[in-house]
Amino acid sequence: MSWRRIFHTSCLVLLVQLLCLEAVPISLDKTKVNQPEDKASEPPPSVDTGLHYDRYLREVIDFLEKDQHFKEKLHNTDMEDIKMGKLAKELDFVSHHVRTQLDELKRQEVSRLRTLIKAKQDIEGGNDMAVDHQALLKQFEYLNHMNPHTFEVEDLDRLIKSATNDLENYDKERHEEFKKYEMTKDHERREQLKTLDDEGRMKEEEHYEEMKKKHADHPKVNHPGSQNQFKEVWEEADGLDPEDFDPKTFFKLHDSNGDGFFDEQELEALFTKELEKIYDPTNEEDDMVEMEEERLRMREHVMNEVDTNKDRLVSLEEFLTATKKKEFLEPDSWETLEQNQAYTDEEMREFEEHLAQQEEDLNQKASDLQKQRDELERQQEQLNSQKVELQQAVEHMERLKTQKVEPPPEVHVEGNAIPEPRGEYHPLPPGHKDMSQNHPGMKQDSHLQNQIPHNTQDLSQPQLQDLPPGHQAVP
């Protein structure tokens, strides 16, 4: 028995989902089949569970599969003991070679998480901030971040519990996503009607009602998991006479991997014929997202009715027991999605209020960003103006620098010597005398002398002017 088979029998949800979440295959026409022969089947390929740690999960499984002791313990461990962590304690008895591989695998996973954290920090603009890896690793509960080097019992226990919990919530999350999808679709339709005039609105409403009627006009849908439903598959997909229907043969025909169980993927494949009665991808009125939700509803219903031990698998024994019940032989009618609205009026009201609040918040943010933009533009204009003024000032200084005259050299006066005036020599008018020659002892302050303009006459003496003939100057 393969290790994955052992996990099936031990009801481990973790591995059940790992093997089951694949695309639904098309049923084969087995018209020549009377009684299938038991034969060895290849182990199913690894599939993506959708978990962000899917690769790490599958690699841990592959390594543990190599240890014979761990296989034997799995065979004798029930679901409750697995959930309580008893299986994880068996890691202490796993071979050293396998433990070494698990250690390296954990180190690689921690390194991968740190890289993701750093990338997230960079995207959010935190390049200049120190990254606290230990604090951020706490959000990854499927491993013990306090010990990034070795794979211990706690790591296996965390991985099993995290994967079990995450996968058990998978259907719930899908239902919530579908409900949001339906409410968004209805909201957008209502908003579109508001943009139309009365005539356009009336035409759109009539078209909408017409599409609803066309979608509801389909053949009767059999109750999922009922005798009528399985007989229809037996006849149309398997090509066998419905009068020869045999539950055990039917089970073996559709146990595609031959492991003795109907997993969720195999079970959902049985509903393809029923779904084709309701949905056609070429029809405007048929929504393929709704078809997948209907498939999920059918599978959940059968699991609740048949899967008695709640391991998310249907064994041959469980299946044969269910075929003897009244619900299998005389089922109630099945209500499809159009008969069961995915959301209530109260949920729709809250959803629209939430959208309105989001729109208000976005408008406020847009207004704030516009104000910031206007302020930045104003500041940019000021900077440009200052830049122009500064450039003009620099150009003015450059012009002054090129036009500047060299200053006169400093004159040193020794003793009573009177420095000769510099600059142009201006002769005195006729009849005037140079008074500086009549006062050889005159002392002049050299500093003041230098400040007196060279062409200024001595104001200490009266100025002589030419007199008319016959006049004498009076001293």
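General observations
- The set of residues in segment 318-352 being within 30 Å of D217 (Cβ to Cβ), touching a residue at least 60 places away in the same chain (Cβ under 8 Å), in a helix (DSSP H, G or I) and hydrophobic (A, V, I, L, M, F, W, C) consists of F328, L329, M348, F351.
- Scanning segment 300-316 for residues that are free of Cβ contacts under 8 Å to residues at least 40 places away in the same chain, in a helix (DSSP H, G or I) and in contact with an Asp or Glu (Cβ under 8 Å, 6 or more places away or on another chain) returns a single hit, M303.
- Pick from segment 104-113, criterion surrounded by 15 or more Cβ atoms within 10 Å (Cβ to Cβ) and either among the acidic types (D, E) or within 14 Å of H52 (Cα to Cα) (or both), ranking: nearest to the chain's Cα centre (by Cα): L113
- A search for C-beta distances below 6 Å between a residue of segment 57-79 that is of a type outside the set (D, E) and any residue that is at pLDDT 85 or above and open to solvent by 40 Å² or more (accessible area, probe 1.4 Å), counting only pairs 6+ apart in sequence or on different chains, returns F63/Q101; H69/F93.
- Test: residue in segment 170-192 that is crowded, with 18+ Cβ neighbours inside 10 Å and either in contact with a Leu (Cβ under 6 Å, 6 or more places away or on another chain) or of a type in the set (S, T, N, Q) (or both): no
- In segment 237-261, residue most open to solvent (accessible area, probe 1.4 Å) [restricted to those that are assigned to a helix (DSSP H, G or I) and within 19 Å of L329 (Cα to Cα)]: E243
- Failed criterion for G239 (all others in (1) touching an Asp or Glu at 6+ places or on another chain (Cβ under 7 Å); (2) of a type outside the set (D, E, K, R); (3) modelled with pLDDT of 95 or more hold): (3)
- Test: residue in segment 175-186 that is farther than 30 Å from L296 by Cβ and not β-branched (V, I, T): no
- Looking only at segment 122-159, residues that are over 19 Å from the mean Cα position of the chain (by Cα), assigned to a helix (DSSP H, G or I) and either modelled with pLDDT of 85 or more or charged (D, E, K, R) (or both) come to 7 in all.
- Unique match (being of a type in the set (A, V, I, L, M, F, W, C), assigned to a helix (DSSP H, G or I), over 29 Å from R190 (Cβ atoms) and modelled with pLDDT under 95) among L400, L362, L355: L400
- Scanning segment 86-104 for residues that are free of Cβ contacts under 8 Å to residues at least 40 places away in the same chain, out of contact with any Phe, Trp or Tyr (no Cβ under 6 Å at 6 or more places or on another chain) and within 19 Å of P148 (Cβ to Cβ) gives T100, E104.
- Complete set of residues in segment 193-202 that are surrounded by 12 or more Cβ atoms within 10 Å (Cβ to Cβ) and either assigned to a helix (DSSP H, G or I) or touching a His at 6+ places or on another chain (Cβ under 8 Å) (or both): L193, G200, R201, M202
- Restricted to segment 53-102, and to residues there that are of a type in the set (D, E) and over 32 Å from the mean Cα position of the chain (by Cα), the residue that is farthest from L159 (Cα to Cα) is E72.
- Residue among V221, V233 that is more than 38 Å from the chain's Cα centre (by Cα), in a loop (DSSP other than H, G, I, E, B) and β-branched (V, I, T): V221
The values are calculated or read from the model by the stated rules, or taken from the named source; none is laboratory data. Keep in mind it's a predicted model, so treat the numbers as computed, not measured. Glycine gets a Cβ as well: all are built from the backbone with ideal geometry, and neighbour counts include every protein chain shown. Just the protein is used for accessible areas: all its heavy atoms, side chains included, with ligands, DNA and RNA removed. Shrake-Rupley method; radii C 1.70, N 1.55, O 1.52, S 1.80 Å.
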